[in-house]
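Notes for the one structure printed next.
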């Protein structure tokens, strides 16, 4: 067994993905999607651009969007990796039975929130303050209705410890952690349409 030193990126002459990401333009994003998925890819990228302007003030950087037959970690319908050290992309699941996408425009917006938080250097997890603030802001913007997404915490009731979401200081109940994690899909009355339309 040897204790050989692992070569560095410089020694391997490898460019880190974060160095390349500054050069990925909207035209690259569209070309990538069209090459992979034709008109469906173009429509998804167009919807991303529309949502970027409408909901994020055009602040999101172009990112590869991949439509994929399967995703890691079980039953996910999409995921977003927007941290430069891991590479940047949004993955959306392929059509179920090849005629209807599992992911929809709600899913695209959900993943764009993850991207937005990552690009701002905030924690993109569903339990984070940034996530909760964004879904409350966007829910009001889209529906005109306020929701409260309280912080998840544990509470002892008798001998049992349960997880709940904090109420608003004015006493309003929070949506559940499941609704927070699945927003805008669960119980918010938002339907942004079929992906690619």
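The values are calculated or read from the model by the stated rules, or taken from the named source; none is laboratory data. Bear in mind the structure is a predicted one, so any value in this text is a computation, not a measurement. All Cβ positions, glycine included, derive from the backbone under ideal geometry; neighbour counts span all protein chains shown.
Of the numbered conditions (1) closer than 25 Å to residue 53 by Cβ; (2) in a loop (DSSP other than H, G, I, E, B), residue 131 fails exactly one; give the number of that condition.
Failed condition: (2).
List the number of the failed condition for residue 58; all other conditions in (1) modelled with pLDDT of 90 or more; (2) in contact with a helix residue (DSSP H, G or I) (Cβ under 7 Å, 6 or more places away or on another chain); (3) over 12 Å from residue 195 (Cβ atoms); (4) part of a helix (DSSP H, G or I) hold.
Going through (1) modelled with pLDDT of 90 or more; (2) in contact with a helix residue (DSSP H, G or I) (Cβ under 7 Å, 6 or more places away or on another chain); (3) over 12 Å from residue 195 (Cβ atoms); (4) part of a helix (DSSP H, G or I) one by one, residue 58 breaks only (4).
Specify which of the listed residues (142, 113) is outside any strand (DSSP E or B), under 9 Å from the mean Cα position of the chain (by Cα) and modelled with pLDDT of 95 or more.
113
Taking residue 197 and the conditions (1) surrounded by fewer than 17 Cβ atoms within 10 Å (Cβ to Cβ); (2) at pLDDT 85 or above, which numbered condition does it fall short on, given that it satisfies the others?
Looking at each condition in turn, residue 197 falls short on (2).
Against the conditions (1) out of contact with any helix residue (DSSP H, G or I) (no Cβ under 7 Å at 6 or more places or on another chain); (2) at pLDDT below 90; (3) in a helix (DSSP H, G or I), where does residue 50 fall short? Just the number, please.
So residue 50 meets the others, but not (2).
I need the full set of residues from the stretch 172-194 which are out of contact with any strand residue (DSSP E or B) (no Cβ under 9 Å at 6 or more places or on another chain) and in a loop (DSSP other than H, G, I, E, B), in order please.
172, 183, 184, 185, 186, 187, 188, 189, 190, 191, 192, 193, listed by residue number.
Taking residue 9 and the conditions (1) at pLDDT below 70; (2) under 24 Å from residue 141 (Cβ atoms), which numbered condition does it fall short on, given that it satisfies the others?
Every condition holds for residue 9 apart from (2).
Picking from 171, 158, 144, 189, which residue would you name as being exposed (fewer than 13 other Cβ atoms within 10 Å of the Cβ), within 30 Å of residue 49 (Cβ to Cβ), out of contact with any helix residue (DSSP H, G or I) (no Cβ under 7 Å at 6 or more places or on another chain) and free of Cβ contacts under 8 Å to residues at least 60 places away in the same chain?
144
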